[in-house]
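**Q** The structure follows.
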2 protein chains.
Amino acid sequence: MDQHARPDAEPAPSEQAASAPAAPFVIGIPIYDGVDLLDVAVPYELFNWMAQCEREFLPDAPTRLVQLVSVDGREVTTRDGLRFGADLLLDKCGQLDLLWVPGGDPTRLQQLMLDARFIDFLRRQSVHAGHVASVCEGAMLLAAAGLLDGYRATTHWAFIACLGLFPDIRVADGYPRVVIDRDRITGGGISSGLDEALEVIALLANDEVAEKVQLSVQYQPHTRFDSGDPSVARPPVYQPGSDRQCSIPGMAETIRKVLYPSGA
Amino acid sequence: MDQHARPDAEPAPSEQAASAPAAPFVIGIPIYDGVDLLDVAVPYELFNWMAQCEREFLPDAPTRLVQLVSVDGREVTTRDGLRFGADLLLDKCGQLDLLWVPGGDPTRLQQLMLDARFIDFLRRQSVHAGHVASVCEGAMLLAAAGLLDGYRATTHWAFIACLGLFPDIRVADGYPRVVIDRDRITGGGISSGLDEALEVIALLANDEVAEKVQLSVQYQPHTRFDSGDPSVARPPVYQPGSDRQCSIPGMAETIRKVLYPSGA
């Protein structure tokens with residue numbers, strides 16, 4: 001019930017409780033042309049399942065609202081060509097309670113790492129957001145904004161060496177699915193978002209809510225393939241050592257520009 | 001190069017090979033208002049990774065094209081409110097090589113199970129599609145079209161008892177992620193689509209391509225939560241036996257209408 005719409009009405013007592021809802025807890029996912037589809041779709045769906053089931057376990061939980069915040073107009077196109085509608089534009093976005101930054105096309109990532117408007121958005125949001133998260137190469141965007149300095153963090157396996165070029169980030173060993181360091185949460189590549197979103201749900205709500213969401217999406221993974229990251233993948237699928245250095249075209253130079261903007 | 005566009009031109013020898021590309025292999029995913037987001041996004045992204053990497057392993061592989069085929073106009077809204085753009089409308093859809101049917105909102109599912117235009121689309125496509133797949137409650141749509149009769153199949157755990165009301169479907173025991181029976185492939189709930197899409201990629205291409213896609217999306221799942229299906233979930237997250245009967249509101253009656261359309 002929107003009190004602004006009827007300022008003179010005196011709510012009946014039974015309405016009063018209902019008419020003063022707590023502000024929703026807003027989870028914002030910036031989206032941009034070239035974004036990775038599942039980096040967005042996985043948290044969007046899992047957080048919406050949380051929104052739906054949380055009060056079975058926690059009756060006083062706030063309303064959870066998941067919003068796609070567009071860098072690029074009302075509709076963006078993912079790296080693989082799917083078109084998404086945005087909920088709001090970057091410039092109209094109020095304070096988020098949780099920021100979840102997805103990865104995407106490496107060329108576009110590098111543009112965004114050097115895009116003052118976007119980097120400024122991340123920095124401003126981070127001041128009051130309770131949690132700042134990334135999945136996949138979204139960590140490169142947080143890193144470019146300085147938001148992982150002093151934190152342990154991870155990213156998609158192919159970008160770990162690149163993340164390591166930021167001198168003040170403590171890159172986690174191996175290929176973890178999720179790294180939680182205080183209010184910063186970073187995930188591994190793409191499908192890591194499932195494990196990461198469940199951990200975020202447990203942080204925001206509790207383990208039972210995370211498990212209810214896990215059950216809703218039937219996340220009891222089982223695959224006969226065993227090439228999910230470089231700790232297990234073998235030739236010809238993966239060349240050992242190919243990820244030891246930052247070999248994403250242009251990325252090392254982009255990171256240098258981020259770190260030394262005056263060209264020093 | 002489209003020869004129809006220049007019927008009189010005589011291609012040079014070097015052009016001839018390039019000018020007669022094989023027709024693309026089209027993977028069609030019907031989308032509708034109320035569809036489950038990840039039932040669409042997971043295969044969309046994994047099949048696009050296949051399209052990108054397959055020729056590293058199989059140089060003669062066809063072009064793979066993933067198309068979202070809309071039942072509901074140029075834009076559809078998922079169950080949880082995300083808006084997708086469609087690639088084409090149902091009525092304009094040519095023959096697909098692989099049909100992947102996603103699940104969604106149970107009320108909308110039941111409308112579609114009784115929607116002659118949609119059911120006719122599934123039946124027509126199935127005649128010449130090399131494979132017909134569903135994930136999650138998409139199996140209810142294939143079942144309504146009679147396309148699982150005589151086949152082993154599965155669906156989201158909460159719908160297994162409902163699927164069992166179709167007398168000619170052999171519902172697989174337990175809560176499998178994927179069931180492959182000849183040219184029919186059915187998956188469990190939502191996240192099962194990851195395991196299922198990898199199996200489909202292995203069928204269409206080979207295990208190495210599936211593993212390369214697995215590596216691309218870093219699918220080395222690991223979660224500390226253990227409630228992914230009723231074989232492991234416990235109260236208060238899951239009430240044992242709650243899925244023993246078809247308890248989706250209206251579904252048993254809808255299945256009766258599908259099986260006995262004259263009301264017999």
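A short reminder: the numbers here are calculations on the coordinates, not readings from a lab. Small disclaimer: the values here were computed from a predicted structure and weren't measured. Heads up, the Cβs are rebuilt from the backbone with ideal geometry, glycines too, and the neighbour counts pull from every protein chain shown.
**Q** With everything on Cα atoms, drop me the angle between helix A:207-216 and the longest principal axis of chain A, reported from 0 to 90° to the nearest 10.
**A** The angle comes out near 80 degrees.
**Q** Ignore the peptide's own chain and count Cβ atoms of other chains within 10 Å of each Cβ in B:203-215; give me the average, rounded.
**A** Neighbouring Cβ atoms belonging to other protein chains average 4 per residue here.
**Q** Quick one: Karplus J couplings for segment B:99-108, per residue in order, coefficients 6.51, -1.76, 1.60, θ = phi - 60°, nearest Hz, x for Gly and Pro?
**A** 10, 10, 9, x, x, x, 3, x, 5, 5
**Q** Continuing with the same structure: Counting only other chains, and only Cβ atoms inside 10 Å, what mean value do you get across the residues of A:70-80?
**A** 2
**Q** Now a separate question. Rank B:P106, B:L215, B:F25 by how far each Cα sits towards the positive end of the charge dipole of chain B (+1 on Lys, Arg Cβ; -1 on Asp, Glu Cβ) and give me just the farthest.
**A** Of the listed residues, the answer is B:P106.
**Q** Rounded to the nearest 500 deg cm²/dmol, what is the calculated helix-only ellipticity per residue at 222 nm for chain A, with -39500 (n - 2.57) per DSSP H run of length n ≥ 4?
**A** Values: 9 runs with 92 residues, N = 264.
For chain A, the value works out to -10500 deg cm²/dmol.
**Q** Let me ask you something else. Using the Karplus curve 6.51 cos²θ - 1.76 cosθ + 1.60 with θ = phi - 60°, work out ³J(HN,Hα) for each residue of segment B:138-155 in order, rounded to whole Hz, and write x for Gly and Pro.
**A** Running phi through 6.51 cos²θ - 1.76 cosθ + 1.60 with θ = phi - 60° gives x, 4, 5, 6, 4, 4, 5, 7, x, 7, 10, 4, x, 10, 7, 7, 9, 7 Hz.
**Q** Run the lone-cysteine check on the protein assembly as shown: no other Cys C-beta under 4.7 Å from the residue's C-beta.
**A** Within the protein assembly as shown, the cysteines lacking a partner Cβ under 4.7 Å are A:C53, A:C93, A:C136, B:C53, B:C93, B:C136.
**Q** Peptide B:152-160: average number of partner chain Cβ atoms within 10 Å per residue? Let's see the in-between values first.
**A** Values: counts 0, 0, 0, 1, 3, 4, 3, 0, 0.
Per-residue shielding by partner chains comes out at 1.
**Q** With just the Cα atoms defining each centre, how far is segment A:181-195 from segment B:111-134? Give it in Å.
**A** Each part's Cα centre sits 38 Å from the other's.
**Q** From the label point of B:R170, set 7 Å along Cα to the beta carbon, how far off in nm is each other copy's matching point, shortest first?
**A** Listed shortest first, these distances are 5.6 nm.
**Q** At B:R256, label 7 Å along Cα→Cβ: distances to the other copies, nm, ascending?
**A** Shortest to longest, the spacings are 7.4 nm.
**Q** On to the next question. Positive end of the dipole of segment A:123-263, charges at C-beta (+1 Lys, Arg; -1 Asp, Glu), about the Cα centre: which of A:I180, A:H128, A:G228 has its Cα farthest in that direction?
**A** Positive-most Cα among the choices belongs to A:H128.
**Q** Charges at C-beta only: +1 for Lys and Arg, -1 for Asp and Glu. How large is the resulting dipole of the protein assembly as shown about its Cα centre, in Debye rounded to 20?
**A** The calculation lands at about 120 debye.
**Q** Between A:D183 and A:D149, what length comes free when the chain is fully extended (0.36 nm per residue of separation minus the Cα-Cα distance, one decimal in nm)?
**A** Between A:D183 and A:D149, full extension yields 11.0 nm more.
**Q** Further question: As an exercise, identify the trypsin sites (Lys or Arg not before Pro) in segment B:131-207 lying in DSSP coil whose Cβ has no more than 16 other Cβ atoms within 10 Å.
**A** Those that pass, being in a loop and sparsely packed, are B:R182.
**Q** Can you list residues from other chains, or at least 5 along the same chain, whose modelled amide H is less than 5 Å from the amide H of A:V101?
**A** Counting only residues 5 or more places away or on other chains, the set is A:A133, A:S134, A:V135.
**Q** If I fit a long axis through the Cα atoms of helix B:37-57 and take the longest principal axis of the Cα atoms of chain B, what angle between them do I get, 0 to 90°, rounded to 10?
**A** For helix B:37-57, the angle is close to 40 degrees.
**Q** Under 19 Å Cα to Cα from A:K92, which aspartates and glutamates show up? Leave out anything in the same chain fewer than 8 places away.
**A** Counting by Cα, and skipping residues close in sequence, A:K92 has these aspartates and glutamates nearby: A:D33, A:D72, A:E75, A:D115, A:D120.
**Q** If the cut-off is a Cα-Cα distance under 22 Å, which lysines reach A:K212, setting aside same-chain residues fewer than 8 apart in sequence?
**A** Counting by Cα, and skipping residues close in sequence, A:K212 has no lysines nearby.
**Q** Give the calculated FRET efficiency between A:A116 and A:K92 to the nearest 0.05, with a Förster radius of 25 Å applied to their Cβ-Cβ distance.
**A** The pair A:A116/A:K92 has a calculated efficiency of 0.85.
**Q** Next up: Taking the 0 to 90 degree range and rounding to the nearest ten, how far is the long axis of helix B:192-204 tilted relative to the main principal axis of chain B, both from C-alpha atoms?
**A** Taking Cα atoms only, the helix is inclined about 40 degrees.
**Q** Are there trypsin sites (Lys or Arg not before Pro) in segment A:195-255 that DSSP puts in a loop and that have at most 13 other Cβ atoms within 10 Å, and which ones?
**A** Values: sites: A:K212, A:R224, A:R244; in loops: A:R224, A:R244.
Here the sparse-neighbourhood loop sites are A:R224, A:R244.
**Q** So, one more: Which distances in nm, rounded to one decimal and ordered from shortest, link the label point of B:R224 to the equivalent label points in the other identical copies, with labels set 7 Å from Cα toward Cβ?
**A** Result, one decimal in nm: 3.3.
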